[in-house]
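Since every read-out is calculated from the coordinates, none of them should be taken as a lab result. The structure displayed is predicted, hence computed values, not measured ones. Cβ placement follows ideal geometry from the backbone for every residue including glycine, while neighbour counts extend to all protein chains displayed.
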Amino acid sequence: MTIGLLLPLSNTHLGMSRDFVDGFNSLLKLKEHTTTIIIKKESVGLGGIEKEVYDKAEKLLVSDDVDILIAYIDEKVTAMIYTLVQASGKLLIVVNPGANHPYNWIAQPSVIHLTLQHAFLCWLTGRLAGTNSADNKEAAYASSFYDCGYLHSADMVKNFTVSGGNVLYNYVNNQAYNENFEISQLNDFLTATPDCKNILAVYDEKPASLFYDRLNNYKSSFSSRLYVSPMMMTEKAFELMGAGYHFSIEGHLPWQPALDTTENKNFVNTCSRPASIFSLLGWESALIIDEIITNYSGDVQEGEAIVEHLKKSPMAGPRGQMKLDAETLYYTTGFGRFNMEAGTLYGAVERITDFEEDWKTFSSLDTEGAVTGWTNTYLCY
Amino acid sequence: MNETKLILLCGSRMALPVMRDLVFHRQLAAVVIPEHCSAFVQQVQLLLKESGIPVLIVTRKNFESTLQHAIKKYQVTIGIMLTFSFKLPAAVYGLPPGGFFNIHPGPLPGYRGPDPVFWQIKNREPYAGIAIHKVDDNFDTGSLVLSDKIRLSATYTHGTLTTKLGELATMLSGILIKMAGFGIAIPSRLQDNDKAVYYRRQGTGDISINWNTMDAETIIALINACNPWNKGAVTKLNEKIIRILLAEKVDSPDPIDSESKPGSILTIDAKGIDVALKNKGRLRITYVYVDEGFLHASKIAEFGVTASASFITI
C-alpha cells in the first residue's frame, strides 16, 4: 500500500509536521506495517496557496498513484482537491485541528475527517458559559486578530448567545506575541463594567499565556470567569502562571498527555518525540490505516468502499473510542471538560464520552449568512 | 494565474447567485438567455444594468452562431451553463480553452432531466445535490467534475430549494473557476450509465394529487414540489381545478369515519380544510390557489363547498 502525506509548515508550531510524522510512523512501526507501506510526502508550505496544495495533491494522487491520501490541510482548502479525489475515487483523509468546519456538513463520499474537534469544543464551551452563569449572562469576548478568523470563534459566541448569554464587548488584539503584548482596552471595559464577570477567550497557546499573565495584573479581572478555547488549556498556555490566577478558567480540551488510559500511555511512550496534539493526529491517522490494512479486504483505491468499512469499525485511540460519524464522515472521540478554580495551580479534567447528541446538534447547524475568515491556513487550528 | 473571462448560459433565477458572484469577481464576460425566458431576461438586465456586461437574448435558431461570435468577441476562457434549455453543439462547447461546464441542479447520474429540483422534492430525497459536468453532445451525460449535497428539508418548496441550490452552485462554480485559473486540465470521471435515471419534464399526472394512493407525506412533498412554479399541486373539487399550496399532516383526536373515502372533506373551519386520506390519515389544507386568487383554504366555503364534498383525483 502506498500512502501519500500532504504536510504543512507553521511559523508558530515549528515541529508540527515532524510531530505528525513521528506519531504516524510510531504507530505503523508498533503494528509492524513499516515494510508493507510506502509513504510519499509532499509539503504544502503554510497551506494557504491553493494552487500549490492542488499541485502537490495531484502529484501524489496521479503521478505517484498513492492508494490513500492523508492531507493535513485546512477545511477551506480541501474543496480545491475534491475534483481530484472525485475523479480518482480514492480515499482522502483530511486532518487538522478542526477550528474550521464545512458550511454545510454533508459529506463527500470518499473524504473522511480527523480533527481535534476544536470548533465543536468551543461550541460546547459557549453553552457552558451561557448555562453556568445563571446570575450573570453578560460577557466580554477576547481574541487575537489571527485566532478569531476561524469558525470556532463564531461557534463559541453563537452557542453562548443561544444559551441566553449576551456579549457586551469584543476585544480583538493584533499585537505580536512578545513583551509588548497588552490588553489595556479590555481592562478599560472590564473596569467600567464591573458586573460583566464572564470572558469568552479564543487564543492559541502562546498568546494565551500572555493574555492570562496580563489579565491577572488587572484588578478588573479578579473573580472573573474565563471560558476558553482548547489551545488555552495546554501546558504552554500556563507557562507564565506563577502562583495562580485571580480568575477561574473553564473549557473543553481534546486531549492531555497525562490521560490515564492504556491507549494513551501506549501512544505517549511509543513516540520518539514528546507527544503533542500533532503527533496524536499522526498516530490516529495511522490507526485508520492499520484498520484498513488489517480488516478491509477490498480494493484500497476504492475510497467509498473503505468509508463504508470504516463506518462499521470503531477504534480505540488515545482520546478514547474513535467513531466515524456516518452522516458527516468526521471521526468523533471523547474529550475533557477542564475547570481551574481561581488561585489554584492545576485544573481538574473530567472525561466526556457521552456526546453523540451534542455532536448531532452541532453538525446539523449549517453556517448561514456572510462568513469571513482567513484564506491562508493556520494549521495549529 | 490566467485571467478568467466567463460566458454564462442560463434561464432561471437559480443562476442569479452565481451571476452576482462572477460580477463581484469581475469574471463575467457575457450572459446568454433564451428568448422565451422573458421575465428572467428583465431581471438579469436590471441586475447587470450598471456593469456593462452584455446580455445576449437567443432563440433556438440563432443561439449557435450568437455563441460562437460572443466567445470569440469577448475572448471567453470558460463557459458555464445553468438551467439553459438548448443543447450545445461541439462547435460551441469546444471553443473556450478552459472548457464548457454544465451546473446541473441534481445529483448525476441519478437525476438527469430538465427539472431535477421538482423530482428530488417529489421523491422525498433526504438530500438534494448539484453536479458540475463537462458539456458533451447530450444533456446531462458529460464527465463529472464536482458534486455536493445539502439536506433537503421536508418543508422546502421548489422555490426554497432553487435558492439553496443556487447558493451551493455558487460555491462549486467558485472552485471550478479557481481551478480553471490554474491553467490545468480539470480532472473528471465518466458517469456510471448503469446508474443513470432520466426524469422527464413533469406532466399533468406528475403534478396531480392521487387521493387513493398518496399518504400525507407524499401529498405534502408533491405540493412543495409544485410551489411556486405551478401555484401548487393540482386536484379537482366540484368540477373546479384547485391548486393546493400549503398543507400539513394532522394527528386528529377525532376518529375518522371508516366510511370516509380518501379525498372526502371532513371539516372546513378557520384552521383550513381537513381531508380524509387512505388508512384513516388526515391532511389539513391551509392555502390554495383558484382562478379567483391565492386564498386561505377556509375561504373555499364561500364557493359553496361543504363538508360533504370530496376532492377528486384528476
Exercise. Helices from chain A with mean Kyte-Doolittle at least 1.0 and a Cα length along the axis of 24 Å or more, per DSSP H: which?
Worked result: A:277-295
Exercise. Quick one: what does P(r) look like for the protein assembly as shown with 20 Å bins over all Cα pairs, in whole %?
Worked result: 16, 40, 34, 9, 0
For this session: Could you tell me the distance between the Cα centroids of the stretch A:284-318 and the stretch B:161-218, to the nearest Å?
Result: 31
Problem set entry | Dipole magnitude of chain B, debye to nearest 20 (Cβ charges: Lys/Arg +1, Asp/Glu -1, about Cα centre) | 680
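Using Cβ counts within 10 Å as a stand-in for footprinting exposure, how do A:63, A:209, A:143, B:298 rank, fewest first? Walk me through the intermediate numbers first.
Working: A:63 9, A:209 22, A:143 25, B:298 17.
Ordered from fewest to most neighbouring Cβ atoms within 10 Å, A:63, A:209, A:143, B:298 come out as A:63, B:298, A:209, A:143.
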Exercise. Among the DSSP beta bridges whose two residues both lie in the protein assembly as shown, what percent are antiparallel, rounded to the nearest 5?
Worked result: 45
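Within 10 Å of each residue's Cβ, count the other Cβ atoms and sort B:162, A:34 from fewest upward. Show your work: numbers first, answer last.
Working: B:162 20, A:34 12.
Arranged by neighbour count, lowest to highest, B:162, A:34 become A:34, B:162.
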Problem set entry | Globularity ratio of the stretch B:111-240, using Cα Rg and 2.2 N^0.38 Å | 1.23
For this session: Kindly provide the Kirkwood hydrodynamic radius of chain B in Å, to one decimal, from all pairs of distinct alpha carbon atoms.
Result: 21.3
Exercise. Roughly how many debye, to the nearest 20, is the charge dipole of the protein assembly as shown about its Cα centre, given +1 on each Lys and Arg Cβ, -1 on each Asp and Glu Cβ, and no other charges?
Worked result: 1700
Seminar exercise, completed: Eigenvalues of the alpha-carbon gyration tensor of chain A, times 5 and square-rooted, give semi-axes in Å, largest first, of 37, 21, 19
Seminar exercise, completed: With a Förster distance of 56 angstrom and the Cβ-Cβ distance between residue B:72 and residue B:213, calculated FRET efficiency to the nearest 0.05 equals 0.55
Seminar exercise, completed: For the stretch A:197-236 (alpha-carbon point model, no solvent) the Debye-based log₁₀ I(q)/I(0) at q = 0.29 Å⁻¹ works out to -1.04
Seminar exercise, completed: Those trypsin sites (Lys or Arg not before Pro) from the stretch A:249-327 that are DSSP loop and have at most 13 other Cβ neighbours within 10 Å turn out to be A:312
Exercise. Just for chain B, what percent of DSSP beta bridges are antiparallel, to the closest 5?
Worked result: 65
Problem set entry | Span from the the stretch A:221-259 Cα centroid across to the the stretch B:221-300 one, whole angstrom | 59
Problem set entry | Cβ-placed point charges (K, R +1; D, E -1), dipole of the stretch A:140-293 about Cα centre in debye, nearest 20 | 360
For this session: Give the order of A:248, B:65 when sorted by the count of other beta carbons within 10 angstrom, beginning with the fewest.
Result: B:65, A:248
Exercise. Near the amide H of residue B:310, under 5 Å away, which other amide H atoms are found, from residues 5 or more places off or on another chain, if H is placed in the peptide plane?
Worked result: B:238, B:265
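When all alpha-carbon pairs of the stretch A:1-116 are counted, what percent fall beyond 23 Å?
Details: 1724 of 6670 pairs.
So the portion of pairs separated by more than 23 Å is 26 percent.
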For this session: Subtract the Cα-Cα distance of residue B:20 and residue B:280 from 0.36 nm times their separation in residues, and report this length gain in nm to one decimal.
Result: 88.7 nm
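Determine the percent antiparallel among the DSSP beta bridges restricted to the stretch B:89-207, to the nearest 5. Intermediate values should be presented prior to the final figure.
Working: 12 of 13 bridges.
Around 90 percent antiparallel, to the nearest 5.
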Exercise. For the stretch B:1-34 and the stretch A:15-75, what is the separation of their Cα centres, given in Å?
Worked result: 37
